[in-house]
1. Whole number please: convex hull volume per residue, Cα atoms of region A:1-141, in Å³.
2. Non-local amide H neighbours of B:Leu102 (under 5 Å, H modeled in plane, Pro and chain starts lacking H): which ones?
3. Can you work out ³J(HN,Hα) from phi for every residue in region A:104-111, in order, using Karplus 6.51 cos²θ - 1.76 cosθ + 1.60 and θ = phi - 60°, giving whole Hz and x for Gly and Pro?
4. Count the DSSP beta bridges whose two residues both fall in chain B, then state the antiparallel fraction as a percent rounded to the nearest 5.
5. Between B:Gly240 and residues 5 or more places away or on another chain, which pairs have amide H atoms under 5 Å apart, with H built 1.01 Å from N, and which residues are they?
6. Going by amide H atoms built from the backbone, whose H comes under 5 Å of the H on B:Val32, apart from near neighbours?
7. Beyond 14 Å, what percent of the Cα pairs of region A:127-199 remain?
8. What does the helix-only formula give at 222 nm for chain B: each DSSP H stretch with n ≥ 4 adding -39500 (n - 2.57), the total divided by the residues, and the result rounded to the nearest 500 deg cm²/dmol?
Amino acid sequence: MTIEPVVSRDAAAVRGRRQWPLPRLADPNAPLLVVEDLAIRFRMPSGPSVKAVDGVSFRLDDGEALGIAGESGCGKTTTALSLIKLLPANGRITGGSVSLFGIDLVPKTERQMARYRWREISMVFQGAMNALNPVKRIGDQIAEPVEVRLGQPREASRKRAGDLLELVGIPRQRAAAYPHELSGGMRQRAMIAMALACDPAIVVGDEPTTALDVMVQAQILVLLERLRRDLGLSLVLITHDLSVIAETCDKVMVMYAGRVAEEGPVRRMFVAPRHPYTAKLLSAFPNIHADRRTLSVIPGQPPDLRTPPPGCRFAPRCEHVMAVCTQEVPPEVRFDDGVRVACHLFPPGSPGSLAAGSPLVVATAMPASSVMLGSASWASTSSGPPASGPAS
Amino acid sequence: MSDELLRLEGLQVHFPIRGGLLDILLRRTKGVVRAVDGIDLAIRKGEILALVGESGSGKTTTGRVVVKLTRQTGGRVLFDGQDVSNLWGTGTLRPYRRRVQLIFQDPYETLNPKHTVGDFVEEPLEVHGIGTSGEDRRLRVIAALEAAGLRPGADYAARYPHELSGGQRQRVVIAGALVMDPEVIVADEPVSMLDVSIRTELLRLMLDLRRERGLTYLFITHDLSLAWVLADRIAVMYLGKIMEIGPAEGVIRSPRNPYTRALVSVSPSTDPPEPGQATKRVILVGETPDAAHIPAGCRFNPRCPVAFDRCRVEEPPLFDVGGGQQAACWFAEPGAPPMPDPARAAPAFVPPPMVETSVGAAGA
């Protein structure tokens, strides 16, 4: 079985169409974004600190869309905020690296981050009404980063704001409108226009469609898809809604209690999930195109991250729990089809499928061998260029 | 039908638009928002009816009229055969409110952070003077909490909302409704704020409660897939009118109104799209118009991919299409030609074209 490249896009071409040069320290041959072994702690007013993110690794290539899924409190938003170092005051990156074009952003100061925030990585927040300034016209809000970050003259920034509004489907005359004069869907489009203001390499969307009606959500997703294609954007979508990921992303990373449970191509993972948590999440999703009342329940709640359970953090809620699960942290194992799983059901060297009769076995045959993801290897196996990692 | 519990007849809620203080003083109006514009609904005992619609469809207003938080401007509300449309004032409403309870969307805002869970659940008992003694009330509170799946109830009763997860909070809200031993529960987006995994548990709880207590639900949601999972019948609302109503199976599997078809086609699914599948989806252009300016003719016609001349002048009534299903569309009229496939008829939703952005590549 041959594995299709997740994104058949030429990184050189994507980077070639940049309007602005790469950061001075950038390695032009480095992958776009590699997060390795990221750890984030939150100090609490009393008691032990919370390990919100604990050893998360992933990789994002040029033009690729990665979805990060999981329940509230699994660390998905914290991971996203750490990419531009916008963590709350009591949060701190305690380990690992976030490398953009090979530049590690973790040790950067606030001043140094100014070069990367919005110009390389921008963000679309969840509540567009809260994220937009209610007393400024949207055109001015979009023009501001162009003026401040890129040092463009006011006239050029204004013109670009108008162009960007048209790009997301808002007539440029609406630049004079205040946020409250726009509908929810329009505000979300304006937020997207603002995120695109400095022609960033990566746009991070934190629940970008969660508060919207289904029809408006469908419109926004089509828009994001087109922007990605036309502008060569890379997307990171944070959402608890797996359908959004199914529709727009190439890769998905399922997080649980601050760790990666499973990561891989959407077409593989959503059809043939390996991790019991992924399987549960998928079957708990109400699907109008499937039979009624077949939803499954994930009993219990995610653990308290001040005192996480030893071993696999999903073990207390897992139907397939074994003795080893409560004692040892499962290693991350990579399979030939590009899926990475952290579950004792899939130990290093295990064949790609479970024994017959297991509810996790799906009709699709799995590739036979697996590859251990060593600490030295890069975070993910997208086969798109410029992947030249030492995997397998 | 004899087992009919709740009936809405020609229900109308029109809100006047007043520009400013002077308008209010002169009782002058600048227009009318027709939030609910004449709907008929009947809910049988033990039934779950889902009212589905986008923002501005009037679904929440309808729910508020049923629980008597908003006054209708026309039509009637009948409960158990009695006209309750004009019951107002706390004294006369109390017996009705005991039997019809409301569950709100946001469990974070419904609960008072300074009151214990027990206080919250007990409050309606005090208001209605139910229970012979403090001890009797306490037992009722514990029973309600346990019925909502919070066991042991005595333990939860002593907790504060901040000690609970989102799912547990919503169970507390449900317990607050159950303690009155109601017959009808109006649930307005009861699970929309919750994670998918927790949603399922609450939907199961709602189904269990119906089985154990014979509860009747009016389930209000914007999410057609939740309605599909839970409801016996589904009513789809658009701009204050019912566009289609019928058994869930019929409305979802063979919708006869183009709006319902479009909603079904864009309903979220976790199946990664196959190549070419995108063409089956009907993504409507634009957004729901505001209810102060309802289009003439069929109110859906400006966004309808299959609208024809008649739709622009004449509003279709609900036509019977068999199997207890009704659709408000001229294509559902007996003898009408079959509806063209909206996915083909629709000008595909084309996102706006690329524009050349003009900022030159000056040095960074």
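1. Details: hull volume 25.1 nm³, N = 141.
About 178 Å³ per residue, rounded to a whole number.
2. HN-HN under 5 Å from B:Leu102: B:Val186.
3. 7, 7, 4, x, 5, 7, 3, 5
4. Working: 29 of 47 bridges.
That works out to approximately 60 percent antiparallel.
5. It is B:Gly58, by chain and number.
6. The list, which skips near neighbours in sequence, is B:Ile17.
7. Working: 1316 of 2628 pairs.
Every Cα pair in region A:127-199 considered, those over 14 Å come to 50 percent.
8. Numbers: 14 runs with 120 residues, N = 364.
Using -39500 (n - 2.57) per qualifying helix, the result is -9000 deg cm²/dmol.
Laboratory data are not the source of any read-out in this text; all were calculated from the coordinates shown. Fair warning: this is a prediction, and the values are worked out from it, not measured in the lab.
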